[in-house]
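A.B. asks: Dropping a structure here in structure tokens format, bear with me for questions.
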Amino acid sequence: LNILVDTGSSNFAVAGVPDPDVTSYFNPELSSTYRSEGIEVTVKYSQGSWTGVLGTDVITMPKGLYGSYTINIATILESENFFLPGVKWHGILGLAYDALAKPSSSVETFFDSLVRQADIPNIFSLQMCGAGLPVSGSGTNGGSLVLGGVEPSLYTGDIWYTPIKEEWYYQVEILKLEVGGQNLELDCREYNADKAIVDSGTTLLRLPEKVFSAVVQAIARTSLIQEFSSGFWTGSQLACWDRTEKPWSLFPKLSIYLRDENSSRSFRISILPQLYIQPILVIGDNLQCYRFGISSSTNALVIGATVMEGFYVIFDRAQRRVGFALSPCAEVDGAPVSEIEGPFTTADVASNCVSSVSFHEPALWIASYALMSLCGIILLVLVVLLLIPPRCQHRYTDNDVVNDESSLVRHRWK
């Protein structure tokens, strides 16, 4: 089975029944080692969802980790906008932390199972050589997933590390953005509203709405195009040029500054237009059409495949950090399309750009506010008992209690 590698979720799941958009599926009835847990699980993504049943089975991988390992696996029985026409994969491998596992964090993740059973270091790394890029350099369009370490042949230059702020998604701290070398001049908290994550399962670079608007304005202002359809920026229209033209020269470079492990320093990762102005469609003999590889988001800044394709990315869970290095496959026409530079001082940004309050699950919001409400009610009753004479005490009824916890629940789908 071919599996989509997703660092923005935590369940391992494969097609468990035939699907018109899937060429192969796993039939648990034909597996002598499969054990059903009988637990239904549903996972929702920013686009698409699936429902299946949890179980365990023995897996092997074709290269690298030799041996068989027992892991949790969900067989997908129903899905909506998850398997799409033309996809080459039959399931998804969630590599985020167990805090995001469904239906609860007690479901051991695929990678945690490997670390425990195969006794490998708690680190993996990912080189994404995008389908939008021609095969070049020493890489391939498939890229590489390295479980348990870092492979020197997959990157050039130094690895720059940024701390993982919280272990659920791979949440990092972004300090500023530049378009064409010009700072957007936004409060750094805008870039981390309400989180900034590194997520291979998200196709585009997703930006909070205020940041997205500023980036589009800056690109439009610094590009060499006089008039451009708004539908291109929102993703509803493609832009087409003659196939002999290379439109990338019309657009600026985009840079993201991340806090270094030394908090007084930062480094920047930059993508050239070849990564965010993406060839999608050929019309006739003469036209090549492109899409905008950046979109807006209501709840996160997501460093997705649009950016990750330019880098070898190391998820060092043991030392709670994410590393970036240049990927040799990130080339177009023999020229690199990504850059990494540093160090830079952080004197011009706040000491902390990430909100300190972050609850992962709606249940935690309910529990925390319920406890706060209970403590407040008890304190109020004690004060009333102390201040009012016994003969005047009021007998409280159910109608006196106001419970408005429902408005405090926050759903955090990717």
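The values are calculated or read from the model by the stated rules, or taken from the named source; none is laboratory data. Please read all numbers here as calculations on a predicted model, not as lab measurements. Methodologically, a virtual Cβ is constructed for each residue, glycine included, from the backbone with ideal geometry; neighbour enumeration extends over all protein chains shown. Heads up: the accessible areas ignore ligands, DNA and RNA and are worked out on the full protein's heavy atoms, side chains in. Shrake-Rupley method; radii C 1.70, N 1.55, O 1.52, S 1.80 Å.
A.B. asks: Evaluate the following for residue 276: is it more than 19 Å from the chain's Cα centre (by Cα), closer than 21 Å to residue 227 by Cβ and open to solvent by less than 40 Å² (accessible area, probe 1.4 Å)?
C.D. replies: Working: more than 19 Å from the chain's Cα centre (by Cα): no; closer than 21 Å to residue 227 by Cβ: yes; open to solvent by less than 40 Å² (accessible area, probe 1.4 Å): yes.
For residue 276, the condition - more than 19 Å from the chain's Cα centre (by Cα), closer than 21 Å to residue 227 by Cβ and open to solvent by less than 40 Å² (accessible area, probe 1.4 Å) - is not met.
A.B. asks: Related question: Out of 36, 10, 46, 24, report the one residue that is more than 30 Å from residue 196 (Cβ to Cβ), among the small types (Gly, Ala, Ser) and either in a loop (DSSP other than H, G, I, E, B) or open to solvent by 90 Å² or more (accessible area, probe 1.4 Å) (or both).
C.D. replies: Numbers: 36 fails: either in a loop (DSSP other than H, G, I, E, B) or open to solvent by 90 Å² or more (accessible area, probe 1.4 Å) (or both); 10 fails: more than 30 Å from residue 196 (Cβ to Cβ); 46 fails: more than 30 Å from residue 196 (Cβ to Cβ).
Just a single option satisfies the conditions, and that option is 24.
A.B. asks: Let me spell it out: the conditions are (1) touching a Phe, Trp or Tyr at 6+ places or on another chain (Cβ under 6 Å); (2) modelled with pLDDT of 95 or more; (3) in a loop (DSSP other than H, G, I, E, B), and residue 108 meets all of them except one. Which number is the exception?
C.D. replies: (1)
A.B. asks: I'd like to verify a number: residues in region 269-299 that are closer than 15 Å to residue 206 by Cα and of a type in the set (Val, Ile, Thr), how many?
C.D. replies: 4
A.B. asks: A further question on this structure: Go over the candidates 62, 85 one by one and state the one that is free of Cβ contacts under 8 Å to residues at least 12 places away in the same chain and of a type outside the set (A, V, I, L, M).
C.D. replies: Among 62, 85, only 62 is free of Cβ contacts under 8 Å to residues at least 12 places away in the same chain and of a type outside the set (A, V, I, L, M).
A.B. asks: Please state which one of 373, 351, 355 is under 24 Å from residue 205 (Cα atoms), small (Gly, Ala, Ser) and modelled with pLDDT of 60 or more. Please lay out each step first, then the result.
C.D. replies: Details: 373 fails: under 24 Å from residue 205 (Cα atoms); 351 fails: under 24 Å from residue 205 (Cα atoms).
Answer to the selection: 355.
A.B. asks: Applying the selection to region 202-215, what residues are assigned to a loop (DSSP other than H, G, I, E, B) and surrounded by fewer than 22 Cβ atoms within 10 Å (Cβ to Cβ)? Talk me through it step by step, then tell me what you get.
C.D. replies: From region 202-215, those assigned to a loop (DSSP other than H, G, I, E, B) are 202-204; that's our starting set.
Across region 202-215, the qualifying residues are 203, 204.
A.B. asks: How many residues does region 49-62 hold that are assigned to a strand (DSSP E or B), aliphatic (A, V, I, L, M) and open to solvent by 30 Å² or more (accessible area, probe 1.4 Å)?
C.D. replies: 2
A.B. asks: Give 259, 243, 268, 189 a once-over and let me know the one that is out of contact with any strand residue (DSSP E or B) (no Cβ under 7 Å at 6 or more places or on another chain) and either under 23 Å from residue 315 (Cβ atoms) or not assigned by the TED database to the domain that holds residue 11 (or both).
C.D. replies: Details: 259 fails: out of contact with any strand residue (DSSP E or B) (no Cβ under 7 Å at 6 or more places or on another chain); 243 fails: out of contact with any strand residue (DSSP E or B) (no Cβ under 7 Å at 6 or more places or on another chain); 268 fails: out of contact with any strand residue (DSSP E or B) (no Cβ under 7 Å at 6 or more places or on another chain).
Just a single option satisfies the conditions, and that option is 189.
A.B. asks: Name the residues in region 298-347 that are more than 21 Å from residue 148 (Cβ to Cβ), open to solvent by less than 10 Å² (accessible area, probe 1.4 Å) and among the β-branched types (Val, Ile, Thr), would you?
C.D. replies: Hits for region 298-347 are 302, 303, 306, 307, 337.
A.B. asks: Can you tell me which residue in region 167-191 is nearest to residue 118 (Cα to Cα), limited to those that are open to solvent by less than 40 Å² (accessible area, probe 1.4 Å) and assigned to a strand (DSSP E or B)?
C.D. replies: Only one residue fits best here, namely 170.
A.B. asks: On to the next question. What number of residues within region 279-299 satisfy the criterion of being over 20 Å from the mean Cα position of the chain (by Cα) and not acidic (Asp, Glu)?
C.D. replies: So in region 279-299, the residues over 20 Å from the mean Cα position of the chain (by Cα) come out as 279-291.
Now narrow it down to the ones that are not acidic (Asp, Glu): 279-284, 286-291.
Total meeting the criteria: 12.
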